[in-house]
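Here the structure is laid out as structure tokens; the discussion comes afterwards.
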Amino acid sequence: MFLGFGILGLTALLLACGSSPGDAPAPPEPAWLARIGGQTVEAPEFQAYLEQQSRRNPRLQITPAVKRDLLEKYLEKKLLLAEANRRRLGEQPEILNELAELQEQVLIKHLFALKEQELAGHIKIEEEEIRNYYRDMGRKLQFCYLPVDDPGRAKLVAEQWVQKGAPTEAVDSGEVSLAALNDSWKKQILALPLKKPGVVTIDSHCLVMELVNQREEAVLPLEKVRDQIVRELTDRKEKEGLQSWVNSLKGDHRLEINAAHKWR
């Protein structure tokens with residue numbers, strides 16, 4: 001009896017320690033994925049980098065060739081950063097100021113993105129808006145304008161404009177569709193006689209403006225351009241919503257400039 005148990009126990013031990021391919025433990029993966037010039041990349045680190053690149057560019061196809069190219073570029077970046085740190089560039093005041101400005105830009109960019117997401121669910125495009133936009137698509141305008149701080153000076157600028165032509169600093173719109181302009185611009189531009197500059201106020205800004213040319217052109221049937229119109233109206237409403245939100249942050253306060261300050 002004891003002998004039988006001994007043989008069975010020995011057999012079980014041999015089976016447990018056998019070299020069956022199915023039971024063998026996988027060899028440990030190397031601690032590093034790639035290295036060059038003293039810089040090393042580990043697999044989890046590079047995987048996080050790949051995911052970041054995919055988020056930034058959803059159309060990016062991560063093929064083996066692309067993956068190797070990204071790996072080499074990532075290592076190059078680590079080499080460059082190491083060299084920048086060796087030279088202590090991050091301690092130079094002008095570079096610190098530039099980094100602070102970049103940080104501000106990134107924060108504002110993501111703040112706008114967050115607000116756009118909040119606005120997206122509240123934007124509705126009515127059928128009347130689509131038809132009004134379509135009505136104005138074939139009307140092409142070209143105009144020039146010059147922002148002027150003082151309304152009194154704006155009249156002088158307009159008079160000189162009539163006598164000598166548009167100032168060199170005036171902005172030329174190029175040919176644009178009337179549909180692309182918001183209601184504030186439409187109202188003021190259409191009220192101007194052709195080729196006769198005048199003083200207009202748009203969104204509390206004083207401008208000297210001249211309607212240079214206007215013409216009509218044929219457009220495709222509404223149903224062929226409906227989706228395009230909806231996209232453009234949605235984009236416009238998003239921008240208007242963002243500007244309205246920024247204005248709400250200002251509240252009822254107007255810009256104040258200290259008259260005693262000496263501008264250089």
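Points to keep in mind about this one:
- Considering the conditions (1) modelled with pLDDT under 95; (2) open to solvent by less than 80 Å² (accessible area, probe 1.4 Å), Met209 is excluded by exactly one of them, (1).
- Residue count for region 212-246 satisfying the condition of being among the polar types (S, T, N, Q) and either more than 24 Å from Lys115 (Cβ to Cβ) or in contact (Cβ under 8 Å) with a residue 60 or more places away in the chain (or both): 4.
- Number of residues in region 91-117 that are of a type in the set (Asp, Glu) and either open to solvent by less than 80 Å² (accessible area, probe 1.4 Å) or in contact with a helix residue (DSSP H, G or I) (Cβ under 9 Å, 6 or more places away or on another chain) (or both) equals 1.
- Scanning region 135-146 for residues that are of a type outside the set (A, V, I, L, M) and surrounded by 14 or more Cβ atoms within 10 Å (Cβ to Cβ) yields Asp136, Gly138, Arg139, Lys140, Gln142, Phe143, Cys144, Tyr145.
- Filtered by the rule that a residue be of a type in the set (A, V, I, L, M, F, W, C) and more than 28 Å from the chain's Cα centre (by Cα), region 209-264 gives Met209, Leu211, Val212, Ala218, Val219, Leu220, Leu222, Ile257, Ala259, Ala260, Trp263.
- The number of residues in region 63-90 that are under 23 Å from Glu51 (Cβ atoms) and either surrounded by 10 or more Cβ atoms within 10 Å (Cβ to Cβ) or touching a Cys at 6+ places or on another chain (Cβ under 8 Å) (or both) comes to 16.
- Screening the candidates Leu249, Leu190 for the property of being free of Cβ contacts under 8 Å to residues at least 40 places away in the same chain and open to solvent by 100 Å² or more (accessible area, probe 1.4 Å) yields one hit, Leu249.
- If you go through region 123-134 and keep only what is open to solvent by 90 Å² or more (accessible area, probe 1.4 Å) and free of Cβ contacts under 8 Å to residues at least 24 places away in the same chain, you end up with Lys124, Glu126, Glu128.
- Residues (polar (S, T, N, Q) and out of contact with any Pro (no Cβ under 8 Å at 6 or more places or on another chain)) located in region 122-165: Asn132, Gln142, Gln163
- Some residue of region 63-75 being at pLDDT below 95, in contact with a helix residue (DSSP H, G or I) (Cβ under 8 Å, 6 or more places away or on another chain) and farther than 30 Å from Ala113 by Cβ: no
- Selection status of Ser184, open to solvent by less than 50 Å² (accessible area, probe 1.4 Å), in contact with a Cys (Cβ under 8 Å, 6 or more places away or on another chain) and of a type in the set (Ser, Thr, Tyr): no
The values are calculated or read from the model by the stated rules, or taken from the named source; none is laboratory data. Here the structure is a predicted model, which means the values were calculated and not measured. Neighbour counts are summed over all protein chains in view; Cβ atoms, including those assigned to glycine, are modelled from backbone coordinates with ideal geometry. Accessible surface is based on the protein model in full, side chains and every heavy atom, while ligands, DNA and RNA are left aside. Shrake-Rupley method; radii C 1.70, N 1.55, O 1.52, S 1.80 Å.
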